[in-house]
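The structure under discussion appears below in the form of structure tokens.
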Amino acid sequence: MTTTKELICISCPMGCHLKVTVDGEDIQVEGNTCKNGITYGIEEVTNPKRIIPTTVIVENGKLPRLPVKTSEAVPKELIFDIMNEVNKVKVKAPVKMGDIIVENILGTGANIIATRSMESL
């Protein structure tokens with residue numbers, strides 16, 4: 001059975017309109033202007049992943065929430081499970097940008113890292 005999916009590549013600023021055709025084990029990508037588009041198209045139909053940007057609660061911080069993100073892309077089907085875990089997290093200020101807030105979230109190999117520094121009150 002052959003299936004076709006149309007995507008917009010987000011690997012670079014070009015935003016190429018991709019046509020990805022899957023026929024069993026054979027995957028064809030058309031419309032890309034660079035090699036990144038081929039990789040993106042194949043990954044998007046076989047194992048889609050995303051970086052998750054979000055926030056966590058900060059205790060004793062100048063602001064109530066600290067922006068964080070996953071250190072690498074995680075499987076798309078785990079986004080809601082990861083968010084459920086991240087929503088339970090509270091950190092104490094001070095925090096430095098790049099600090100690991102949660103290590104190896106849900107066994108994905110990705111860490112939740114601070115994307116800004118937060119001073120304490």
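The values are calculated or read from the model by the stated rules, or taken from the named source; none is laboratory data. A quick note: this is a predicted structure, and the numbers were derived from the prediction, not measured. Methodologically, a virtual Cβ is constructed for each residue, glycine included, from the backbone with ideal geometry; neighbour enumeration extends over all protein chains shown.
Given the options PRO75, PRO94, PRO64, name the one that is surrounded by 14 or more Cβ atoms within 10 Å (Cβ to Cβ), more than 23 Å from THR2 (Cα to Cα) and over 20 Å from the mean Cα position of the chain (by Cα). Give the steps one after another, and end with the answer.
On the way: PRO75 fails: over 20 Å from the mean Cα position of the chain (by Cα); PRO64 fails: surrounded by 14 or more Cβ atoms within 10 Å (Cβ to Cβ).
It is PRO94.
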>> I'd like the full set of residues that are hydrophobic (A, V, I, L, M, F, W, C) and out of contact with any Lys or Arg (no Cβ under 9 Å at 6 or more places or on another chain), limited to region 95-121.
In response: ILE100, ILE101, VAL102, ILE105, LEU106, ALA110
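Results for (1) modelled with pLDDT under 95; (2) surrounded by fewer than 15 Cβ atoms within 10 Å (Cβ to Cβ), shown as yes or no for each residue.
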site: PRO13; (1), (2): yes, yes
site: ILE42; (1), (2): no, no
site: LYS88; (1), (2): no, yes
site: LEU121; (1), (2): yes, yes
